[in-house]
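A short write-up of the structure that comes next.
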Amino acid sequence: MRLNRDYFSRDVLEVAPTLPGKFLCVSGKEGITGKHMITDVEAYRGEEDEACHASRGMTHRNKIMYNKGGFVYMYLIYGIYWMLNIVTAEKSIPQAVLIRGITNYEGPGRLTKFLNLDGTYYGEDVCESERIWIEDHGLNIDVGRGKRISIDYAGSYWRDIEWRYYVI
């Protein structure tokens, strides 16, 4: 079952722990769709979260985070790695889930490279898109939690908070 707007319109701390075990679906060449189990995600919770791109307000790059939940926020790091995020919460509340891993591909840059995801996906609506969406296949899995990775620039409180969720 495809996840809908109501699913993504919730707070990121409700959405993120439930995404591991769901399936990221990407329509590729010749209409072949790959379905990949999400194994690792991180939550970024708005302007108060110093690790979140919205912590300094709206910019040209992060403006999609201020949209309603269910839209893709893609951005480039180090000039080579695309990061896939799904916006959550209601309009004007900038929250997103970073997809860090899928089965056999750990690391957000590795998974976007494998799936050929790039900046053209920015703003794609996973609730309606035929290019990218997320499905629930009814799996019952155990989810662990831990600290988010590579956010040393954030204050100690935000570095130490356990908003990373992964398949055990």
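Pairs linking a residue in segment 103-118 that is touching a residue at least 12 places away in the same chain (Cβ under 8 Å) to a residue that is of a type in the set (D, E, K, R) and surrounded by fewer than 17 Cβ atoms within 10 Å (Cβ to Cβ), with Cβ atoms under 9 Å and 6 or more positions apart or on different chains, are Tyr105/Lys113; Thr112/Asp118; Asn116/Lys29.
Of all the residues that make up segment 135-168, how many are of a type in the set (Asp, Glu), farther than 17 Å from Pro17 by Cβ and in contact (Cβ under 8 Å) with a residue 24 or more places away in the chain? Lay out the reasoning, then the answer.
Of all residues in segment 135-168, those of a type in the set (Asp, Glu) come to 135-136, 142, 152, 160, 162.
Filter again for farther than 17 Å from Pro17 by Cβ, leaving 135, 152, 160.
In the following step, the residues that additionally are in contact (Cβ under 8 Å) with a residue 24 or more places away in the chain were identified as 135.
Residues meeting the conditions: 1.
From the residues in segment 55-83 that are touching a Gly at 6+ places or on another chain (Cβ under 9 Å) and of a type in the set (A, V, I, L, M), which one is farthest from Ala16 (Cα to Cα)? Only one residue fits best here, namely Ile80. Meeting the requirement of 2 or more residues that are of a type in the set (Gly, Ala, Ser) and under 11 Å from Val41 (Cα atoms), the strands (runs of 3 or more DSSP E) wholly within segment 77-168 are 95-102, 143-146.
Let's see how each residue does on (1) touching a residue at least 12 places away in the same chain (Cβ under 8 Å); (2) among the small types (Gly, Ala, Ser); (3) more than 13 Å from Ile134 (Cβ to Cβ); (4) in contact with a helix residue (DSSP H, G or I) (Cβ under 7 Å, 6 or more places away or on another chain):
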{"position": "Leu13", "(1), (2), (3), (4)": "yes, no, yes, no"}
{"position": "Gly21", "(1), (2), (3), (4)": "yes, yes, no, no"}
{"position": "Gly28", "(1), (2), (3), (4)": "yes, yes, yes, no"}
{"position": "Asp40", "(1), (2), (3), (4)": "yes, no, yes, no"}
{"position": "Ala43", "(1), (2), (3), (4)": "yes, yes, yes, yes"}
{"position": "Gly70", "(1), (2), (3), (4)": "yes, yes, no, yes"}
{"position": "Gly101", "(1), (2), (3), (4)": "yes, yes, yes, yes"}
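Checking the structure you have, find out if any residue of segment 54-61 is modelled with pLDDT under 95, in contact with a helix residue (DSSP H, G or I) (Cβ under 7 Å, 6 or more places away or on another chain) and crowded, with 16+ Cβ neighbours inside 10 Å. Yes, segment 54-61 contains at least one residue that is modelled with pLDDT under 95, in contact with a helix residue (DSSP H, G or I) (Cβ under 7 Å, 6 or more places away or on another chain) and crowded, with 16+ Cβ neighbours inside 10 Å. Yes or no: segment 64-72 includes at least one residue that is assigned to a strand (DSSP E or B) and of a type in the set (Lys, Arg). Checked segment 64-72: no residue is assigned to a strand (DSSP E or B) and of a type in the set (Lys, Arg).
Would segment 146-159 turn up any residue that is among the basic types (Lys, Arg), buried (at least 17 other Cβ atoms within 10 Å of the Cβ) and under 21 Å from Thr88 (Cα atoms)? Yes.
The values are calculated or read from the model by the stated rules, or taken from the named source; none is laboratory data. Just so you know, these numbers come straight off a predicted model, no measurement behind them. Ideal geometry is used to build each Cβ from the backbone, glycine not excepted, and the neighbour counts take in all protein chains shown.
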